[in-house]
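Trainee: Mind having a look at this structure? Questions to follow.
The values are calculated or read from the model by the stated rules, or taken from the named source; none is laboratory data. Treat the numbers as computed from the prediction; the structure is a model and nothing was measured. Note: ideal-geometry Cβ built from the backbone for every residue, glycine included; neighbour counts use all protein chains shown. Surface accessibility is based on the protein's heavy atoms, side chains included, excluding ligands, DNA and RNA. Shrake-Rupley method; radii C 1.70, N 1.55, O 1.52, S 1.80 Å.
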Amino acid sequence: MRFVRYAGKRLLFLLPQLLVVSFIVFFLIRLLPGDPAYLLAGQFATPERIAEVRHDLRLDLPLFEQYGIYLLNILHRDFGNSWRTSQSVLTDVSQRLPATLELIILSGLVSVLLGIPIGVWTAVRRKGIIDRLLFGYGMLAGSVPDFWLGLILIFVFFSLLGWVPGPIGQLDPIVDAPPRVTGMIAVDALLSGQWDTLQSAVAHLVLPVATLTIVYMALIIKNVRSTMQEMMRSEFVQYARALGLSPLMQVRYALRNSMAAMVTVIGIMFWFMLGGAVLVETVFSWDGLGQYAVESVVNSDYAPLQAFVLIAAVFTMLVFLFVDLAYFLIDPRIKG
């Protein structure tokens, strides 16, 4: 009951936060250069035709009235239509969101499964060339632009070596897509037993996942390293060492007391990955939500851009909600 009560309190904060985010985003997007009515009407449209399109899009109404209509439509699950794709935004998002989630979740899992052991190892064994190389990587990776790294990986592993397929999307053109179950192509191919499709999907995942992992795993390595070093110097570990407990047991105690900091940095990493996926998807023609947002900015397509920012806000809030709930389970001092 304490856990349910604690989770309920956190969930109550989501609605007002989303309302504030929607308000800010709605008005900031209107400051973007470009007139959607002009773009939609065409380059050679008359002023009368442009005014007609503005009226159809309700862009001639006062901003606060437009915002009220926008909120009312959201309550009816209507996020508007994209004039660029001629589909409802909800349809576009449902088609593209699984591709982004597949990329972020896989990259995050690889970063966690590799980053935590590497961070613990470098904290315990602080000598040697490997430790210095990993320390240098941790300091350098955070300053490397993810889109630039993606282009370098494409040049080396596709153009020069030919080990992986080119940046043409999620599948080879000659491969049939699997029946849609989750929307994640690799997962759907595995569920349907289409092994050729699975092989192609995994091959196309290698470079974008490697790009996000190389850039954002450094955050986990640096945090785990510094936290573990602090815990290994703590009084309770020194006491365990004085009692003659094994080094493995000392590391276990230090690791257990570092879990809260690790959970925090993992949440931050997933948050950063959503932003990184925007450009990485564009580089690899991934056709996910990030590429959808970039195309919407370029074409002043308001409705998809507003939906993307709201989805990003929900994703961020859910990530930190899970971090708070994990804190509650890890630290018994937190009261519901």
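Trainee: Among the residues of the range 230-267, write down those that are β-branched (V, I, T) and out of contact with any Leu (no Cβ under 7 Å at 6 or more places or on another chain).
Mentor: V237, V251, V263, T264, I266
Trainee: Give A189, A210, A201 a once-over and let me know the one that is touching a helix residue (DSSP H, G or I) at 6+ places or on another chain (Cβ under 7 Å), surrounded by 14 or more Cβ atoms within 10 Å (Cβ to Cβ) and over 16 Å from F284 (Cβ atoms). Step through it out loud before you land on a result.
Mentor: Working: A210 fails: over 16 Å from F284 (Cβ atoms); A201 fails: over 16 Å from F284 (Cβ atoms).
Going through A189, A210, A201 in turn, just one is touching a helix residue (DSSP H, G or I) at 6+ places or on another chain (Cβ under 7 Å), surrounded by 14 or more Cβ atoms within 10 Å (Cβ to Cβ) and over 16 Å from F284 (Cβ atoms): A189.
Trainee: Looking only at the range 288-309, filter to residues that are in a loop (DSSP other than H, G, I, E, B) and farther than 11 Å from S82 by Cβ; which one of those is modelled with the lowest pLDDT?
Mentor: So the first thing to find is which residues in the range 288-309 are in a loop (DSSP other than H, G, I, E, B), and the list is 288, 299-301.
Applying the additional criterion that residues be farther than 11 Å from S82 by Cβ yields 288, 300.
On the way: G288: 85, S300: 71.
So, considering only residues that are in a loop (DSSP other than H, G, I, E, B) and farther than 11 Å from S82 by Cβ, the one modelled with the lowest pLDDT is S300.
Trainee: Across the range 264-296, which residue is least open to solvent (accessible area, probe 1.4 Å) among those that are touching a helix residue (DSSP H, G or I) at 6+ places or on another chain (Cβ under 6 Å) and without any contact (Cβ under 8 Å) to a residue 40 or more places away in the chain?
Mentor: Here the answer is A293.
Trainee: Pairs only if they're at least six apart or on different chains, beta carbon under 6 angstrom, first in the range 171-192 and touching a residue at least 24 places away in the same chain (Cβ under 8 Å) and closer than 19 Å to D92 by Cα, second among the polar types (S, T, N, Q) and part of a loop (DSSP other than H, G, I, E, B); list them, first residue then second.
Mentor: I185/Q170
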